[in-house]
Each structure stands twice: as structure tokens, then as C-alpha cells.
1. Residue by residue through A:29-42, how many Cβ atoms from other chains fall within 10 Å of the Cβ on average?
2. Treating the Cα atoms of the range B:3-89 as identical point scatterers in vacuum, please give the log10 of the normalised Debye intensity I(q)/I(0) at q = 0.19, 0.22 Å⁻¹, two decimals.
3. Using a Gaussian network model on chain B with a 10 Å cutoff between Cα atoms, which of B:T28, B:T15, B:T56 fluctuates the most?
4. Report D for the protein assembly as shown in µm² per second (integer): Stokes-Einstein, Kirkwood Rh on Cα pairs, 37 °C, 0.692 mPa s.
5. With angles folded into 0 to 90 degrees, how steeply does helix B:62-73 sit against the dominant principal axis of chain B? Use alpha carbons for both and round to 10.
6. Between copies, how close do the B:T28 label points come, placed 7 Å along Cα→Cβ, listed in nm from shortest?
7. I'd like the trypsin sites (Lys or Arg not before Pro) in the range A:1-83 restricted to DSSP loop residues with at most 12 other Cβ atoms within 10 Å, sorted by number.
8. Near the axis that takes chain A to chain B, which A residue has its beta carbon closest, and at how many Å?
There are 2 protein chains.
Amino acid sequence: MNTLKEISNSIAKLTVEEINAFLTEILTEKEISTLSNRWRILKMLNQNFSQRDIATRLNVSLCKITRGAKILKNKNAISLRLIREIENEHK
Amino acid sequence: MNTLKEISNSIAKLTVEEINAFLTEILTEKEISTLSNRWRILKMLNQNFSQRDIATRLNVSLCKITRGAKILKNKNAISLRLIREIENEHK
DNA sequence: ATCTATGTTTCTATTGACAGAAACATTTTT
DNA sequence: AAAAATGTTTCTGTCAATAGAAACATAGAT
């Protein structure tokens, strides 16, 4: 089995708190903030903030946002589904 | 809610395949290989390979392995539990 | 059609993870 | 205790992600 699959497999068995602990363990602080920023970018893109607006608010560069936009262009993106579910919960 | 918690929350709802897809979406190829290597290091440390042996076999530097060793020193580490579960499955 | 806002790409510089190598610390073997 | 093996830290250099800024592309508004 490839390693990422194995990791996914292990994560799948965990509770929210455990996933949080696992990520905190295996990622550096910087990596976590990188990951968090990508997530925030995806959320704001989904909420139709303009890229320049997002760049200003999250204090990130445009090139990073373009990357996020590419992910969301794939209509089957898991990220897209997850983010939309979060949006719906807030309603 | 802090962002990492929110991400963990979303991941917790996914199947193995979806987690795999999500990680592939949101991480770069390099980041995935970094993460995979860390995982392999943890597994080999748990199997009591010497650090120098691991460094040679996985072609990584010692400083990276020390980091892995620090994670496993925490007896409550989630990673440790996950890795041991995998080991047990193989018996 | 022109102007403006927005999306996308590209350039140079910066930064953090980490390689390679060596030094130092600790544990194990003899 | 001395030697050997292993763990840990430290140093310099490298590389990938990305900041900052500008240029280019496209879509909408007028």
C-alpha cells in the first residue's frame, strides 16, 4: 500500500480531536498555518470574495490564491464539498 | 472555531478514499512526499531500526529523524498508537 | 467599443524544512 | 573503564512554497 493511503487509512479511524492532535504532531507550526491559510482561501473563494480582496484580508499573495482557485474549478473536488457543507451548517 | 479544528472536523466525516483525495488536493506533491517520509520514519523508529539505519534506507538526514523520535517519546502520541495498530494488523 | 474590475501568470527575493557532514552526548558492549 | 554504537545537536548550503509587485488576459459595466 502506498504511504499516503496508509496515512489516510489511519486518519479515517480517528475522532475529530484525535485528527487534530495527529496533525499537530506530524506537521510543523508553519505547515499548519500554511494548511490553515489554504483552507481559509478555499472558503473565501467559495463565498465569492474577489481574489484581491482575499489576498488583502488574509495577507497572502495572489499566486497562492490562484492555486486555490484551481482546486475549486474541479467540480468533484472534495474540498469544495466539505466547504459547502460547512456553509450550509451555518444557515 | 480555529481553522485546524475545522479542517479536522471536516476530515472526520470522510471515507479513506476521500481523505486521500482531500490530502492530494490541498497538499503539493513535495509536501505529500515529506509527510509520507515522516510517517515511514515513525514506523521504522517504532520497529527499533537505528536512526542511522533509517537515514540510509530512507535517504533522509539525521536531523529529520530526531524530530520523529521526539514525537514518539510522548507516550500518548496519537501517531504512536496508529503505528502500533498497523503493526498489530500485520501479525 | 472602451473602461474597469477581476483572474491569472511571471519575475525576483525570502523563508523554513531539510540534506550532508561533523561534533557532541549517551547508552551498550566488551 | 575503554571502545563502539547509537542518539542528538549544530553548521552551511539547497530547494520548494510563496511574498511582493508587476504584467497580461478576460469578463462586465458603461
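1. Partner-chain Cβ atoms within 10 Å, mean over residues of A:29-42: 3.
2. -1.01, -1.18
3. Of B:T28, B:T15, B:T56, the Gaussian network model singles out B:T15 as fluctuating most.
4. In µm²/s, the coefficient rounds to 188.
5. Approximately 70 degrees, to the nearest ten.
6. 1.3
7. A:K13, A:K75
8. Per the A/B rotation axis, the closest residue of A reads A:I11, 3.
Values quoted throughout were computed directly from the atomic coordinates according to the rules given, and no laboratory measurement underlies them. The model shown is predicted, which means the values in this text are computed figures rather than measured ones. Note that each Cβ is placed from the backbone with ideal geometry, even for glycine, and that neighbours are counted across all protein chains shown.
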